[in-house]
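In what follows, a structure is listed as structure tokens, so that the remarks can point back to it.
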Ligand code: AMP
């Protein structure tokens, strides 16, 4: 089961109440592929500039991420600068520099054109469409993510992508903004009405809601004592979700989608424990399994 992701590969500069980091590895494709790699291999499509530190790519390669679709272009890597206050759910973008993403036209290597699972990560909607158009057979699942930057600047193009996917991952503020509807449940239903059968609304420390046909499932976020940096939690959620579906589930059905939500919450919970990708560097499959199991205890009220 192959998973293909297109998204940003970034250098992030971050400020949280717990510290600051300059030019650390980030980007939607980076977090997604790292999280998904705990379940199996991932193919990545994206671009970096000549200034991208090779050790960050070596880390992805060691994790089993296939970088044949990652182009190194003349110029500077995409950069994002963000700040979080004590409400870690609320990311404030201080600066976005598209740099090499401004000119990038993705060209999928032959081997990447028949993925079973496709994730159109947060990036310019035109690039999401270009990748979707190069895929030969319809994958088992096409999912996407986005953010306020593209909802504000590329709304029509973005709605075109929405109409072509099976599942949308989106956070609560963004689903309201995209649907122009304050109520999250109504907003998610409005997005479903535009095409995707399923919508997953990510609600930071309050967990995630899966809208699957007419049914809603709620997965909590893991109650952590230490949260350092929420950056990448959304993409790690999507990586855990799709990695689980591709490599651990026999079918995509309401049962496996619920389990995938918990797998997504699990990977996101590790992501936020340290800055950037740091928690993933020494994370073991056993630790993931133990946390997956503790989610059951967290919500099982029959056992009291
Ligand atoms: P999240 O998982 O939602 O916290 O996404 C965090 C990542 O999104 C950061 O590592 C940023 O590099 C990346 N990012 C921020 N703004 C953009 C943008 N406009 N396009 C693509 N990626 C972005």
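Only the coordinates and a few stated rules stand behind these numbers; no lab work does. Since the structure is predicted, the reported quantities are computational estimates derived from the model, not experimental observations. So basically every Cβ, Gly included, is an ideal-geometry build from the backbone, and we count neighbours across all protein chains shown.
Can you pull the percent of Cα pairs in region 153-304 with separation above 24 Å?
More than 24 Å apart: 34 percent of the Cα pairs in region 153-304.
Hey, how many Å between the Cα centroid of region 167-208 and the Cα centroid of region 281-304?
26 Å
Which order do the peptides 287-300, 53-66 come out in when sorted by mean C-beta neighbours inside 10 angstrom, highest first?
Top to bottom by mean Cβ count within 10 Å: 53-66, 287-300.
Assuming R0 = 25 Å, what is the FRET efficiency of residue 50 and residue 134, from their Cβ-Cβ distance, to the nearest 0.05?
Once the sixth-power term is evaluated, E becomes 0.50.
Could you calculate the FRET efficiency of residue 213 with residue 289 from 1/(1 + (r/R0)^6), where r is the beta carbon distance between them and R0 is 35 Å, rounded to 0.05?
0.75
Mind giving me the nanometre distance, one decimal, between the label points for residue 97 and residue 22, set 7 Å out from Cα along Cα→Cβ?
Result: 1.2 nm between the two label points.
Could you tell me how far the Cα centroid of region 21-73 sits from the Cα centroid of region 228-254, in Å?
First find each Cα centre; the distance between them is then 17 Å.
Separation between the residue 281 and residue 87 pseudo-spin-labels, each 7 Å from Cα along Cα→Cβ, expressed in nm?
Each label point is offset 7 Å from its Cα along the Cβ direction, giving 3.3 nm.
If I take every Cα pair under 8 Å that is 6 or more residues apart in the chain, average their sequence separation and divide by the length, what percent do I get for the relative contact order?
Computed over the chain, the figure is 17 percent.
What's the long-distance tail for the chain, i.e. % of Cα pairs beyond 28 Å?
Beyond 28 Å sits 31 percent of the P(r) for the chain.
Among DSSP beta bridges lying fully in region 1-57, give the percent that are antiparallel, nearest 5.
65 percent
If you take every DSSP beta bridge fully contained in the chain, what fraction is antiparallel? Give it as a percent rounded to 5.
Once the DSSP bridges in the chain are tallied, antiparallel ones form about 40 percent.
Hey, could you grab the Kirkwood Rh for region 129-177? Inverse mean 1/r over distinct alpha carbon pairs, Å, one decimal.
So the Kirkwood estimate lands at 11.6 Å.
Could you order the peptides 263-271, 91-99 from most to least packed, using the average number of other C-beta atoms within 10 Å per residue?
Order by mean packing, descending: 263-271, 91-99.
Mind giving me the FRET efficiency for residue 197 and residue 71? R0 is 51 Å, r the Cβ-Cβ distance, nearest 0.05 is fine.
The computed FRET efficiency comes out at 0.95.
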